[in-house]
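Worksheet for the structure shown next.
The values are calculated or read from the model by the stated rules, or taken from the named source; none is laboratory data. Quick caveat: nothing in here was measured; it's all calculated off a predicted structure. Here the Cβ positions follow ideal geometry from the backbone for every residue, glycine too, while neighbour counts run over all protein chains shown.
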2 protein chains.
Amino acid sequence: MLNLQSPLTRKLSAFVALSESDLATLSRFDRRSRTFQAGHELIHEGQTKASAFILSTGWACSYKMLPDGERQIVDIQIPGDFLGLRSVLFRTSDHTIEAITRIEASEVLAHDILDAFSHAPRLATAVLWAASRDEAMVVEHLVNLGRRTAEQRMAHFLLELGARLQLVGLGDQTGFDCPLTQYHLADTLGLSAVHVNRVLRKLREDGLVTFQKGRVVFDDFPRLRDIADFDTTYLDQDGPILR
Amino acid sequence: MLNLQSPLTRKLSAFVALSESDLATLSRFDRRSRTFQAGHELIHEGQTKASAFILSTGWACSYKMLPDGERQIVDIQIPGDFLGLRSVLFRTSDHTIEAITRIEASEVLAHDILDAFSHAPRLATAVLWAASRDEAMVVEHLVNLGRRTAEQRMAHFLLELGARLQLVGLGDQTGFDCPLTQYHLADTLGLSAVHVNRVLRKLREDGLVTFQKGRVVFDDFPRLRDIADFDTTYLDQDGPILR
């Protein structure tokens, strides 16, 4: 059962002070909990009538394949995130969602969302907020690819992950556990794996951030933030604005 | 008053068959109609307590400025689009919205959205769909910047604009009127203005698409679509799925 400790509840609480009735409605999203192994494709591009999921433990990623076989990772999903919210609203899923680690996720059907919205309009607004926040992140990634250097991209991406994980209780200002490989980083940031390695070594040697043995450590958080021009405004997570 | 002919109603009708009561709720969004001149900033990055708007005539764009003074256009808005939906949900607006032409737009406040959602849950789902569609477009632009050549980017962007305009009755398969300058195209596609000119000339000389005197003409739609690998799936606009 979803409760005040669940990652999704923690996340939505950053936008709206949830009532008992909102929480009861949210808990109905958690009836069909399932476990998937690392590498499992929950939703694939082109699939019709796909479900959505709410991720409760583990990491996933959404991506699109290009005709030349290249992969562009659109976003990384962490606990509390929707997986494929668009897939459940759209006729045809426009992206693939894959489990990066073993994950637990609850399946959400289109009528669950419609039901929830008719019982809890504040919750509907909170879900719209969460979807808008996802869009804001994609916008930042677009700015990353369009206008930032490889080092700035990497710094920005790691800081963003850190802030998102902190909101759901999975990281702090010192750093976070991170199951991503250099291939995930390459496909997210539009770099080659060799380039990713070089950028990470440079950032480590400059005393800014270290990513080793599955952990990201912020060695100099303020300086890293300056280099990335990282401003958490677009994550909008400083406590409920709707009470 | 919003009606079946309004661009927003046409757009949302692609997702949901709107009831009389949904239409009545939608029409309340149209109480505060305003006119803005070309170049006017409706919302600026960093602004707190910004409103949102629904664009009824004219074109606008949303962008972010980078510290080095470069501008990244995130999306172009056409009639029927929300301007700054995130601005009204977020504490601080994470982007700027500027009128490209003279525009008419209706102001929407946060409590308008909450009111509408409590009266019309189907409408709430339709607005979530529209927001998800906006996100899908930003995702495509990200793929554009990350993995496509300059010619593919331009072809994809012009085809996307054409499909969006067609949905709201402002274009067809032959082309559309377009007020964008080479600077808008450059800031959208991450190219220099000189490069934009070169790419447009190449596409014209190859008999694919002509952009001259404020009009885009698709000279060879099927071949252009192949080059851009353009698939309208992500726009999800083939008639209502929720009845």
Open item on the list: Quick test of your reading of the structure: B:Asp75 fulfils all but one of (1) farther than 30 Å from A:Arg122 by Cβ; (2) within 16 Å of the chain's Cα centre (by Cα); (3) among the charged types (D, E, K, R). Name the failing condition by number.
Closed with: (1)
TODO: Considering only residues that are closer than 25 Å to A:Arg133 by Cα and buried (at least 20 other Cβ atoms within 10 Å of the Cβ), look in the range A:206-226 and name the one that is farthest from the other protein chains (Cβ to nearest Cβ).
DONE: A:Val216
Open item on the list: Checking the structure you have, find out if any residue of the range A:164-174 is without any contact (Cβ under 8 Å) to a residue 24 or more places away in the chain, within 30 Å of B:Arg71 (Cβ to Cβ) and buried (at least 18 other Cβ atoms within 10 Å of the Cβ).
Closed with: no
Task: Number of the exception - B:Arg122 against (1) more than 14 Å from chain A (Cβ to nearest Cβ); (2) surrounded by fewer than 23 Cβ atoms within 10 Å (Cβ to Cβ); (3) not small (Gly, Ala, Ser) - done: (1)
- [ ] Return the only residue of B:Asp22, B:Asp30 being at pLDDT 85 or above and in the same structural domain as B:Thr101 (by TED's automatic domain parsing).
- [x] B:Asp22
- [ ] Return yes or no: is A:Gly80 more than 22 Å from A:Leu191 (Cβ to Cβ), in contact (Cβ under 8 Å) with a residue 12 or more places away in the chain and more than 9 Å from every other protein chain (Cβ to nearest Cβ)?
- [x] yes
Open item on the list: Between a residue in the range B:204-230 that is assigned by TED's automatic domain parsing to the domain that holds B:Gln182 and among the acidic types (Asp, Glu) and any residue that is assigned to a helix (DSSP H, G or I) and surrounded by fewer than 16 Cβ atoms within 10 Å (Cβ to Cβ), which pairs come within a Cβ distance under 9 Å, given they are 6 or more apart or on different chains?
Closed with: B:Asp206/B:Arg223; B:Asp219/B:Arg204
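Let's see how each residue does on (1) farther than 30 Å from A:Tyr183 by Cβ; (2) surrounded by 14 or more Cβ atoms within 10 Å (Cβ to Cβ):
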{"site": "A:Lys11", "(1), (2)": "no, yes"}
{"site": "A:Asp22", "(1), (2)": "yes, yes"}
{"site": "A:Arg31", "(1), (2)": "yes, no"}
{"site": "A:Gln37", "(1), (2)": "no, no"}
{"site": "A:His44", "(1), (2)": "no, yes"}
{"site": "A:Thr48", "(1), (2)": "no, no"}
{"site": "A:Thr57", "(1), (2)": "no, yes"}
{"site": "A:Tyr63", "(1), (2)": "no, yes"}
- [ ] Name every residue in the range A:125-151 that is β-branched (Val, Ile, Thr), out of contact with any helix residue (DSSP H, G or I) (no Cβ under 7 Å at 6 or more places or on another chain) and within 7 Å of chain B (Cβ to nearest Cβ), in order of residue number.
- [x] A:Val143
Task: Residue ID - modelled with the lowest pLDDT, chosen from residues in the range A:65-110 that are among the basic types (Lys, Arg) and more than 16 Å from A:Glu135 (Cα to Cα) - done: A:Arg91
Task: Failed condition for B:Met154, given (1) in contact (Cβ under 8 Å) with a residue 24 or more places away in the chain; (2) under 30 Å from A:Gly69 (Cα atoms); (3) within 13 Å of chain A (Cβ to nearest Cβ) - done: (3)
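Each row is one residue, and each column tells you yes or no for (1) touching a strand residue (DSSP E or B) at 6+ places or on another chain (Cβ under 8 Å); (2) of a type outside the set (Lys, Arg); (3) in contact (Cβ under 8 Å) with a residue 60 or more places away in the chain.
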site	(1), (2), (3)
B:Leu55	yes, yes, no
B:Ala99	yes, yes, yes
B:Ala105	yes, yes, yes
B:Ser118	no, yes, no
B:Leu145	no, yes, no
